[in-house]
Every structure is written in structure tokens, then in C-alpha cells.
Amino acid sequence: MKKQLLMTVIFALALMCGAQTPWNGTVADAYDGGEGTASNPYQIATAEQLALLAYQTNNGDGGDTYYILTNDIDLNGSGGQIWNPIGTVKSDWTNPINPVIGPSFPFRGVFNGNNHVVSDLYVFDEDVLGLFGCIQNAEVKNVTIDGVLSQGGYVGFVVGLSVNSDISGCTTNGTIQALGNKVGGIVGNFIAENIANDTVFIKDCTNNANIHNGVFNLGGIAGYTTMDNGNVVVKNCENNGDIGDTSNTSFAGGIVGQGDYIIRDCHNYGKITAQSCAGGMVGQGGSLCLIQGCINHETGEIKGEVAGGIIGTAIYTNISCCGNHAVITGVPAQQYSSAIMVGGIAGADGSFSNCYNLGELRGDSQFHEHAQMGGITGTCPGNYLYNVYNAGPIIIPEHADNTSIYGIITPAVLSDTVDVRNCYWHGNYSMYPCTYYAPNPSLHSLPNSCSFNQGATATSWVLNDPQYGTTDLLEALNAGAMNQCVWAEDTEGVNSGYPIPIPIYYDGIEEISDNDVKLATAFPNPGHNNLNIKTDLQNAEIMVYDIMGKMIFNHEIVSDITTINSENWASGMYIWKVIANGKEAESGKWIKQ
């Protein structure tokens with residue numbers, strides 16, 4: 001009798017402390033309470049009730065209102081229970097590289113994890129793997145997920161496929177062993193489409209899971225991101241997991257594997273490895289990309305054929321106010337005949353401003369024939385390269401051939417139309433800052449650039465040639481920052497004593513919202529030689545900024561459609577604003593193709 005009473009007390013205490021009985025695979029008949037409204041969401045207290053949400057969503061009978069966890073949940077994957085993800089898709093995987101896939105019964109509600117934990121999740125051999133399979137026009141937030149994902153196509157602990165949805169405040173732990181082509185610690189495939197000038201966010205998320213065996217597009221936060229007449233912002237996220245391998249992975253990044261995006265204030269601490277493109281933030285960027293205020297930390301070692309501290313292959317990506325602290329290693333994808341491209345910020349391509357590298361660059365094979373290595377970029381820069389510094393050593397591969405090129409800043413500048421200036425370096429003084437400089441092939445220097453040395457203190461640095469009328473590196477960096485950032489002295493010793501860029505954001509991205517009524521619109525978007533702004537606002541003006549935050553157009557509105565000649569603008573991303581009565585009435589992003 002006493003034993004029975006003791007067990008009753010223990011069981012009652014366990015319930016009071018939120019302990020959960022492992023899931024047995026059954027589905028509850030009802031939720032624990034609530035009405036499904038924003039003020040009184042359906043309450044989910046057990047694994048069986050979470051399974052009810054999956055059942056209703058996947059049968060088209062629910063999943064379109066408000067839900068909240070009120071307890072931790074044990075899904076008992078180690079006990080043999082395979083989770084059926086919330087939200088289904090229809091798919092045709094006959095072409096695994098570009099499968100036909102679309103929502104069938106996606107989750108369309110708001111799921112608040114309420115800072116609870118869903119543990120021992122196990123999903124195997126589904127088209128979309130995760131706690132959620134597919135979500136559309138939805139929101140998932142404030143949940144920690146721990147478990148194992150195996151096989152699948154679109155794979156993420158929180159959600160496999162996300163369309164026009166927000167994900168925030170999520171943490172993931174465990175292992176992903178996936179053969180899919182879009183695999184992320186938080187979300188596999190993250191899409192913004194047909195939501196003109198609106199933004200979907202992944203923010204305040206942390207991945208601690210290791211991701212192995214993915215074929216294409218592995219990211220600590222998102223495997224693949226798409227901006228199709230909409231904005232994708234990945235903000236304030238962190239990756240601690242090891243991502244990818246050299247034998248089977250293409251396009252691996254600590255934050256995003258591949259895609260189009262705006263990435264801000266993110267950090268990577270995990271090792272990133274790929275057969276092709278590997279980067280601390282991104283494996284490969286698309287044509288509409290921006291990375292700002294991101295750091296790849298010392299533990300974030302990067303290995304790949306094209307390897308960079310922030311991004312592997314940047315293509316048209318613009319990178320500002322970012323830094324790398326880790327070792328970057330070029331590893332040829334093919335033995336006996338291959339090449340490597342290694343850069344402190346980008347392995348290849350891209351445009352750069354207000355960035356720095358402190359990591360060592362090296363090659364790791366006796367077989368590669370050609371190497372391109374640079375302290376900031378491993379190839380020639382795209383549109384611009386300015387106000388950067390490199391203090392990381394470049395170790396020339398022993399077996400590189402005589403066509404290989406190296407630069408303590410960049411191996412080459414191939415056009416006199418590229419804005420290259422104000423580049424600084426410490427160490428490796430025997431190496432040219434640029435091996436081949438097309439505007440003047442007889443020189444190996446860069447305009448208004450020079451080396452620097454230690455000053456009187458551990459956080460002061462002296463330029464060997466004056467820039468902007470000063471020999472103080474910190475003063476010169478701030479003089480050339482173009483209002484993009486403020487360079488600060490490393491008084492806390494977190495940057496090996498070198499200056500730190502602190503970004504300034506004023507481009508209106510955060511203000512782009514889901515308002516039902518638009519006061520102004522831009523079209524066509526993307527466009528070519530003309531940007532049209534339509535608005536009925538009076539006594540207003542239009543301002544257009546480039547991605548550097550520089551105003552390039554300002555004009556009063558005199559008709560309902562203002563046509564702006566953009567023929568001479570560079571291809572890329574622009575921010576437009578309509579100012580009425582001294583306040584911002586509307587803003588958006590416009591892409592010039």
C-alpha cells in the first residue's frame with residue numbers, strides 16, 4: 001500500500017514538473033484546451049495531441065489556425081516511433097536534381113513552441129523531413145527540436161519546405177543523415193515567391209546538429225533559399241554543427257547552402273566541408289544576394305575546391321562588414337587534374353567592402369595543378385573591393401604549378417571598371433597584394449593601398465603610407481567606410497587586437513512588411529532599363545539607394561507613375577522609398593537584371 005502511494009506521488013510530481021510519457025504512436029481525440037484563436041490558441045500538452053495536429057493538417061481538416069505547446073514532448077524515435085511530419089506535399093522525384101514539388105496540405109497556421117522541447121524526433125524516408133513537412137503562409141517559433149533525420153529530399157529539423165512563412169526563435173540538436181538536395185539544420189528549402197516587396201524571415205535561430213551525406217545544398221540554418229518577387233532575410237542566426245564532407249557534398253555553408261538571400265548578423269562556429277563550394281556563411285550565392293555583419297569564428301574551418309571564410313562562390317553576392325577567423329583550405333575535387341580557389345572572405349567572385357580576414361589560407365593536396373589564393377578573394381573581385389584588410393598568412397601549396405597566382409588581397413584585377421582601393425595588409429610582405437592588375441600590368445600594387453604594422457599598443461596599427469591624411473589604420477578605415485559601418489578599436493580583445501566593423505543598417509529592409517494595403521509599388525520587378533514607381537500619394541518624393549546605402553536618385557512625385565531611367569545602373573539590388581510629410585510611407589526592393 002505504501003509502495004503504491006509512493007508511486008502515485010512520484011507520478012504526480014512528474015506531471016507537475018512537465019515530464020512526458022514517450023509517444024506510443026497513437027493520436028489524441030482533442031487538444032488540451034483552447035479555441036484556436038490568437039488570444040486562446042489550441043493547447044498541445046502531449047505527443048498524442050501533437051500527432052493530432054499532424055493528422056488534421058495532413059488530411060486537410062486543420063492546421064490553419066493558432067497552436068501552442070504547453071509541455072515538453074517526447075516523440076520516442078529511439079523507441080521505434082517514426083514521426084509523420086506536419087504538412088504534406090505532392091512530389092515527383094524522377095529527376096532528383098530538380099524534382100517537381102508543390103504544397104498539397106501544408107500547415108498554414110501559427111505554431112508557438114512556447115520555449116518547450118520536442119525531443120527524440122525520428123523521421124525516415126519521406127519527401128520532406130522535419131517536425132513540419134511543409135508550411136505555407138505560416139509561422140513557426142520558439143521551439144527546440146532534438147532528434148535524427150535520415151534520407152529524404154527537402155530536410156530540416158523544423159520544416160522541410162517553407163513557402164512564404166516565418167521561422168524564429170528555434171533551436172535544433174541531433175544529427176541529419178540525408179541524401180536530399182536541400183538540407184538545413186532549421187529548414188531544407190525556404191522560399192519567398194509572389195509576395196511583391198514583402199519579406200519572410202528566419203531569425204534568432206541556432207543549429208547545433210551535425211549534417212552529413214547531403215548531396216547538394218547543405219546549410220546550418222537553410223539548405224536552399226529562393227527570392228522570387230519576395231525577400232528572404234536570415235538574421236541573427238548561429239550554426240554550431242559540422243556541415244558536409246569532401247566526397248559527396250556540393251554547396252555547403254554554415255548558414256545557407258545555396259540560393260538568393262539577405263543575411264545579417266549571423267555567426268558560424270562549425271566546420272564546413274564540401275567537394276565543391278564551401279563557406280562559413282554560404283556555399284554558393286545567386287544573383288540577388290547580400291551578406292552583412294557576419295563572422296566566421298576560429299572553429300569554423302572551411303574545406304572545399306572553392307573555399308571562403310564567408311562564402312565559397314559569391315557570383316554576384318555583395319559582402320560588407322564581415323570577418324573570418326578560421327583556417328581556409330583548398331581541396332581539389334579531382335585528383336591529378338584540378339584547381340583550387342581560396343579566399344579569406346570568398347573563394348571566388350563577389351564584391352567586398354569593410355571586411356577583414358585573420359585566418360590562414362592553405363592548399364591540401366599534392367595533385368592540384370592550379371591554385372588561386374587571396375587574402376580577401378581567391379579570384380578577381382566583381383564590381384568593387386575597398387576598405388578591407390587582411391592579416392592572415394597565405395601558405396602557397398607545394399605542388400601548385402607555375403600558372404598559379406596569389407595575392408595578399410586578391411590574385412588579380414581584370415578590369416579598370418572595378419572599384420578597387422584602400423586595401424590594407426599585415427604580414428606576408430614578400431607577397432604582392434595583387435599578382436595581375438589589368439589597369440597597369442607592370443604594377444602589382446592596388447590604388448591607395450598599403451601594408452600596416454603594430455603600433456604603440458596591442459590595439460593600434462600604423463599604415464606604412466598615409467591614407468586620407470593619416471597613418472592610423474583605424475582612422476583610415478573609418479574615413480573610407482562610406483557610412484556603411486563604424487570601425488571600432490578591439491578594446492575587449494575579441495579580434496586579436498585588430499579593428500572591428502560595426503554595421504549601420506538604414507536601407508528599410510526591416511520595414512518591408514505584410515501590409516494588405518500598399519501605398520506604392522515598383523514594376524517591373526525584376527527589371528532592366530526603367531524602374532517605375534506607382535503611387536497616389538501627393539506632396540511626396542522618391543528616393544533610391546544602392547546596396548551600399550548610397551542615394552542614387554531623389555525626385556518629387558508629380559504624377560501617379562514615376563519612371564526612373566536605370567540604364568546606367570549596375571545589375572543588382574536597390575532599395576526604393578517613398579517619403580511623404582517627412583516620413584517613410586512605403587519602401588521596397590527592386591532588382592535590376
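The values are calculated or read from the model by the stated rules, or taken from the named source; none is laboratory data. Just so you know, these numbers come straight off a predicted model, no measurement behind them. Every residue, glycine as well, gets a Cβ built from its backbone with ideal geometry; the counts of neighbours run over all protein chains shown.
Among the residues of segment 144-158, count how many are under 21 Å from D72 (Cβ atoms), aliphatic (A, V, I, L, M) and either free of Cβ contacts under 8 Å to residues at least 12 places away in the same chain or crowded, with 24+ Cβ neighbours inside 10 Å (or both). Result for segment 144-158: 3.
For segment 338-353, filtered to residues that are of a type in the set (G, A, S), under 22 Å from the mean Cα position of the chain (by Cα) and part of a loop (DSSP other than H, G, I, E, B), the residue that is modelled with the highest pLDDT is G344.
For (1) surrounded by 24 or more Cβ atoms within 10 Å (Cβ to Cβ); (2) out of contact with any strand residue (DSSP E or B) (no Cβ under 9 Å at 6 or more places or on another chain); (3) of a type in the set (D, E, K, R); (4) closer than 17 Å to S351 by Cα, each residue gets a yes or a no:
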{"position": "D228", "(1), (2), (3), (4)": "no, no, yes, no"}
{"position": "N240", "(1), (2), (3), (4)": "no, no, no, no"}
{"position": "G253", "(1), (2), (3), (4)": "yes, no, no, no"}
{"position": "T273", "(1), (2), (3), (4)": "no, no, no, no"}
{"position": "M281", "(1), (2), (3), (4)": "yes, no, no, yes"}
{"position": "E298", "(1), (2), (3), (4)": "no, yes, yes, no"}
{"position": "G308", "(1), (2), (3), (4)": "yes, no, no, yes"}
{"position": "G312", "(1), (2), (3), (4)": "yes, no, no, yes"}
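Right, N213: closer than 27 Å to D125 by Cβ and surrounded by fewer than 24 Cβ atoms within 10 Å (Cβ to Cβ) or not? So N213 fits the description; yes.
Only a single criterion out of (1) in contact with a Leu (Cβ under 7 Å, 6 or more places away or on another chain); (2) part of a helix (DSSP H, G or I) is not satisfied by L52, namely (1). Residues of segment 507-555 that are at pLDDT below 75, of a type in the set (A, V, I, L, M) and closer than 29 Å to M482 by Cβ: I509, I512, I547, M548. Test E489 against the stated conditions and say whether it is free of Cβ contacts under 8 Å to residues at least 24 places away in the same chain and of a type outside the set (V, I, T). Considered against the rule, which asks whether it is free of Cβ contacts under 8 Å to residues at least 24 places away in the same chain and of a type outside the set (V, I, T), E489 comes out as no. When E360, E398 are screened for being surrounded by fewer than 24 Cβ atoms within 10 Å (Cβ to Cβ) and in contact with a Gly (Cβ under 6 Å, 6 or more places away or on another chain), only E360 passes. Residues in segment 471-486 that are buried (at least 18 other Cβ atoms within 10 Å of the Cβ) and either out of contact with any Asp or Glu (no Cβ under 9 Å at 6 or more places or on another chain) or over 17 Å from R421 (Cα atoms) (or both): D472, L473, A476, L477, N478, G480, A481, Q484, C485. Here the condition is being at pLDDT below 95, part of a strand (DSSP E or B) and either within 30 Å of P524 (Cα to Cα) or not acidic (D, E) (or both); of I211, I195, I202, it holds for I211 alone.
Scan segment 423-447 residue by residue and report those that are of a type in the set (S, T, N, Q) and either farther than 18 Å from A391 by Cα or not assigned by TED's automatic domain parsing to the domain that holds E492 (or both).
Taking segment 423-447 and keeping what is of a type in the set (S, T, N, Q), we get 428, 430, 435, 440, 442, 445.
Within segment 423-447, N440, S442 qualify.
Residues in segment 30-45 that are of a type in the set (S, T, Y) and out of contact with any strand residue (DSSP E or B) (no Cβ under 7 Å at 6 or more places or on another chain): S39 only. Within segment 399-411, residues that are in the same structural domain as R421 (by TED's automatic domain parsing) and more than 17 Å from A348 (Cβ to Cβ) have Cβ atoms under 7 Å from residues that are part of a loop (DSSP other than H, G, I, E, B) and at pLDDT 95 or above in these pairs: I408/G375, counting only partners at least 6 apart in sequence or on another chain. Hey, does segment 370-379 have a residue that's at pLDDT below 90, over 27 Å from the mean Cα position of the chain (by Cα) and surrounded by fewer than 24 Cβ atoms within 10 Å (Cβ to Cβ)? The answer is yes, given that some residue of segment 370-379 is at pLDDT below 90, over 27 Å from the mean Cα position of the chain (by Cα) and surrounded by fewer than 24 Cβ atoms within 10 Å (Cβ to Cβ). Across segment 164-173, not a single residue is classified as buried (at least 22 other Cβ atoms within 10 Å of the Cβ), at pLDDT below 95, assigned to a strand (DSSP E or B) and assigned by TED's automatic domain parsing to the domain that holds L149. Out of curiosity, is C289 closer than 19 Å to G184 by Cα and in contact (Cβ under 8 Å) with a residue 24 or more places away in the chain? Yes; evaluated as a whole, the condition is true for this residue.
Looking only at residues of segment 409-454 that are aliphatic (A, V, I, L, M) and crowded, with 22+ Cβ neighbours inside 10 Å, we find that the one that is nearest to L361 (Cα to Cα) is I409.
Of the residues T199, T172, T225, which single one is within 25 Å of Q49 (Cα to Cα) and either hydroxyl-bearing (S, T, Y) or in contact with a Phe, Trp or Tyr (Cβ under 6 Å, 6 or more places away or on another chain) (or both)? Step through it out loud before you land on a result.
Working: T199 fails: within 25 Å of Q49 (Cα to Cα); T225 fails: within 25 Å of Q49 (Cα to Cα).
After ruling out the rest, the residue left standing is T172.
Quick one: which strands (runs of 3 or more DSSP E) sit completely within segment 109-154 and have at least 3 residues that are within 14 Å of N189 (Cα to Cα)?
Values: elements: 110-124, 132-136, 139-150.
In segment 109-154, 132-136 are the strands (runs of 3 or more DSSP E) which contain 3 or more residues that are within 14 Å of N189 (Cα to Cα).
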